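Written out below as structure tokens is the structure these notes cover.
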Amino acid sequence: MDGNAPKIVSRKVATTGDLADTGLISPAAADSLTPVAEQFGVAITPQIVRQIDPSDPEDPLAAQFVPDLRELEDHADDVADPIGDHSHAPVKGIIHRYPDRLLLTPVHVCPVYCRFCFRREDVSQHQMLTDSELDAALDYIHNDTNIWEVILSGGDPLMLSARRMQNLLARLREIDHVKIIRIHTRVPVVAPDRVTAELTQALADANPVYVVIHTNHSNEFSTEAIAACAQLADAGIPLLSQTVLLKGVNDAAETLGELFRLLAENRIKPYYLHHADRTKGTAHFRTTVAEGQSIVRELRGNYSGLCQPEYVLDIPGGYGKSPLSGPYAEPADEGWQVTDYQGDKHHYPEEG
């Protein structure tokens, strides 16, 4: 490890003081960032600490995980509940927007806390559903026979132990109308040591289980991360990816193309490219829709079809995802007219 590498990589970073100890920020910066950490949780795994280059002021991983004073800024376009989680939560642990699928959030902690996360004010505040809350959530799924797919989200569901995950998947598999289970996670990349043989077997035993890996930059992929993903793929678990378009992190076709090629080479199909949500304190991460569309056009022209995710917007208010291409998004009134999956049209004002 060279002289610019972080000093401490053996334990999880959970405070601004921990960040200063690693050498990623100065002690003075740690003091100034305390108000940010008090409002929005801080967590960086040893794996990601090792991946950050502290000599690079524009390091794309530091931008994603190290707190920033701009997170305390309020913007008129910020939305408290940007994708309508709270308005679509019939019981605790369930977010139900679409007729045939819903989110089950069994745990509300993550191995890392992304500075742009749309649930950043909810995660780290609660640990996991109680037994009675989980029972109620599973009863809700059991009683709605329209539910074909259950998406485990959070927090990060792979923060559950292999035993708890195996139990949860087995209970979902007992519900006849649930045919597909999808798991959204950052764990294989940011905490690959959690992808144990026991966890892998628990997932494989419940197939068809799709694992969607959240990743935004090729620098996130260590040798250990690639091995963890390979372990899942070798077990017959289909892997997809989800990426957020972030200004200053990956807002260039070359940067995204490198990531998507790396994913495809490792049997991970790029699935979604998300336009950044209007979460409080994240305006510095947001591109315009037109910028995103331009990047997607360049990707289409220069990279394999295997490397093409769907560029989508989660329409503010909880109306669901809509592709930001073709007839789904059209310029209108200093912004965009976006059509949701039911054919209803919504005005999306453009920033700047």
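Nothing in this text is a laboratory measurement; each read-out follows from the coordinates by a stated rule. Note that this is a predicted model, so its numbers are computed, not measured. We place every Cβ from the backbone using ideal geometry, glycine too, and count neighbours over all the protein chains shown.
Electrostatic bookkeeping for Leu273 treats Lys and Arg as +1 and Asp and Glu as -1; over the other residues with beta carbon under 15 Å from its beta carbon, the sum is -1. Note down the magnitude of the dipole of the chain about its Cα centre, charges +1 on Lys and Arg C-beta and -1 on Asp and Glu C-beta and zero elsewhere, to the nearest 20 debye. Dipole magnitude for the chain comes out near 940 debye. When the chain is described by a simple charge dipole with +1 on each Lys and Arg Cβ and -1 on each Asp and Glu Cβ, the residue from Ala63, Thr282, Leu102 located farthest towards its positive end is Leu102.
Counting charges near Gly84 (Lys, Arg +1; Asp, Glu -1) among other residues having Cβ under 10 Å from its Cβ returns a value of -2.
Cα-based radius of gyration for segment 220-321, normalised by 2.2 N^0.38 Å, reads 1.14. Listed by Cβ neighbour count within 10 Å, with the fewest neighbours leading, Glu133, Glu220 appear as Glu133, Glu220. Residues Asp251, Asp277, arranged from fewest to most other Cβ atoms within 10 angstrom of their Cβ, appear as Asp251, Asp277. For segment 59-70, backbone phi angles converted through the Karplus equation (6.51, -1.76, 1.60; θ = phi - 60°) give residue-by-residue couplings of 4, x, 7, 4, 4, 7, 10, 8, x, 9, 4, 5 Hz, Gly and Pro being listed as x. Remark: Leu72, Leu172, Leu256, Leu61 ranked as Leu72, Leu172, Leu61, Leu256, counting other beta-carbon atoms within 10 Å and listing the fewest first. Ignoring aspartates and glutamates fewer than eight residues from Lys345 along the same chain, the ones with Cα atoms less than 16 angstrom from its Cα are Asp314, Glu330, Asp333, Glu334.
Between the residues Cys229, Pro54, Leu259, the greatest Cα displacement towards the positive end of the dipole of the chain, with unit charges on the Cβ of Lys, Arg, Asp and Glu, is found for Cys229.
Based on the Stokes-Einstein relation at 25 °C and a viscosity of 0.890 mPa s, and on the Kirkwood radius from alpha carbon pairs, segment 16-72 is assigned a translational diffusion coefficient of 215 µm²/s. Can you return the lysines within cross-link range of Lys92? Criterion is Cα-Cα under 24 Å, with same-chain partners fewer than 8 residues away left out. Candidates past the 8-residue exclusion: Lys179, Lys280, Lys321. The base-10 log of I(q)/I(0) for the chain, evaluated at q = 0.06, 0.11, 0.13 Å⁻¹, reads -0.21, -0.75, -1.09 [Debye formula, identical scatterers on Cα atoms, solvent excluded].
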